[in-house]
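Values in this text are rule-based calculations from the coordinates and carry no lab data. None of these values were measured; they are calculated from a predicted model. In this analysis, Cβ positions are derived from the backbone assuming ideal geometry, glycine residues included, and neighbour counts consider all displayed protein chains.
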Amino acid sequence: MKDTILELNNVRKSYGNFQALKGIDLTLNASEILGFIGPNGAGKTTTIKVILGMIKAQGTSRVFDLDSWKDAVEIHKYLSYVPGDVNLWPNLTGGEVIDFFLMLKKQKDTSYKHELIKRFDLDPTKKCKTYSKGNRQKVALIAALSSDVSLYIFDEPTSGLDPLMETLFQEEVRQLKDQGKSILLSSHILSEVEQLCDTINIIKEGKIIEKGNLQDMRHLSMSNIRVSTEKNISGLDQVDYIKDYRLIDGYHEFKIENHKIGEVIAQLSQYEIKSFESRLSTLEELFMGYYGEEH
Ligand SMILES: Nc1ncnc2c1ncn2[C@@H]1O[C@H](COP(=O)(O)OP(=O)(O)O)[C@@H](O)[C@H]1O
Ligand SMILES: [Mg+2]
């Protein structure tokens with residue numbers, strides 16, 4: 001049986017009359033990376049605050065089999081958390097803040113922090129009030145990544161980082177996983193998820209609307225087909241399961257649900273297929289399908 005690190009059942013949270021979480025179920029198993037994906041306002045941060053015992057909610061939230069609200073102090077000994085919007089003590093330097101966090105975790109071996117400060121190219125001697133959002137984020141990330149804990153929770157950690165730093169962050173997360181750590185990673189950047197996560201949960205308007213691994217998600221998505229034939233075809237745009245049909249330079253391009261591929265090939269073969277390419281939609285495209293073009 002897998003060890004469960006984090007388990008939420010039917011978690012509900014209202015702010016006044018507004019219900020931000022409408023019954024969230026989440027599971028994170030040991031040594032896994034759980035991607036928590038959804039557009040702004042979906043409820044990611046609220047869920048994470050419930051997990052961390054920062055706000056009270058209905059339903060159950062358990063971390064290391066302890067209660068998020070009642071046992072928050074104990075739980076926090078074994079986890080590190082990086083919020084999306086990092087606020088630091090303005091008059092402390094970045095280095096002092098990192099040391100303070102490591103002290104809170106009773107971290108004796110602090111050697112890794114020096115390496116991270118170099119890799120993330122942070123000047124730890126500057127006062128926090130002079131840091132940009134990206135630099136504040138680096139301070140929090142370095143403090144979290146150099147702590148030796150069981151669970152790491154990152155809430156949109158790379159939103160203020162440039163692409164190079166984002167890649168660095170991903171490498172660090174991969175290393176943590178290799179060391180057997182468990183990670184909850186919230187994001188609206190799907191490329192992070194595609195590359196890192198074992199399981200993906202998609203949240204929308206306070207509800208989990210989809211969960212599974214990348215493969216599970218992809219069976220819901222579409223294939224992009226590009227085909228050419230010896231004999232002329234017409235009327236493909238009339239076929240009900242063919243979507244977004246276009247004829248470009250003699251190639252027929254369209255989308256179909258993946259399970260229709262056999263049917264399409266059978267249909268087209270009577271026209272003598274010259275070339276046939278099929279590309280699975282990326283998670284990004286799948287995501288667009290859920291949320292519409294504006295997201
Ligand atoms: N303290 C609060 N008071 C009132 N509404 C809030 C508060 N915090 C969050 N919300 C609302 O709850 C919803 C979920 O917010 P949030 O959890 O921050 O989403 P996300 O992190 O996915 O962007 C949003 O509609 C947001 O406006
Ligand atoms: Mg948020």
Task: Residue-averaged [θ]222 nm for the chain, counting only DSSP H segments that reach four residues, each worth -39500 (n - 2.57) - done: -9000 deg cm²/dmol
- [ ] Using only Cα atoms, locate the centre of region 1-25 and the centre of region 202-244, then give the distance between them in Å, rounded to an integer.
- [x] 31 Å
Task: Under Karplus coefficients 6.51, -1.76 and 1.60, residue-wise ³J(HN,Hα) of region 135-140 in Hz, glycine/proline x - done: 5, 4, 4, 4, 4, 5
Task: By average C-beta atoms within 10 angstrom, highest first, the peptides 70-79, 147-156, 266-275 - done: 147-156, 70-79, 266-275
Open item on the list: Using Cα-Cα distances under 8 Å and only pairs 6 or more residues apart, what relative contact order does region 4-217 have, in percent?
Closed with: 30 percent
TODO: Calculate one ³J(HN,Hα) per residue across region 252-267 by plugging θ = phi - 60° into the Karplus curve 6.51 cos²θ - 1.76 cosθ + 1.60, and present them in order as whole Hz with x for glycine and proline.
DONE: 8, 10, 6, 10, 9, 5, 4, 6, 8, 4, x, 5, 5, 5, 4, 5
- [ ] Pull up all non-local amide H partners of I55: gap of 5 or more, or a different chain, and H-to-H distance under 5 Å with H placed in the peptide plane.
- [x] V50
Open item on the list: Applying a 10 Å radius around every beta-carbon, put 55-62, 19-26 in order of their mean neighbour count, most first.
Closed with: 19-26, 55-62
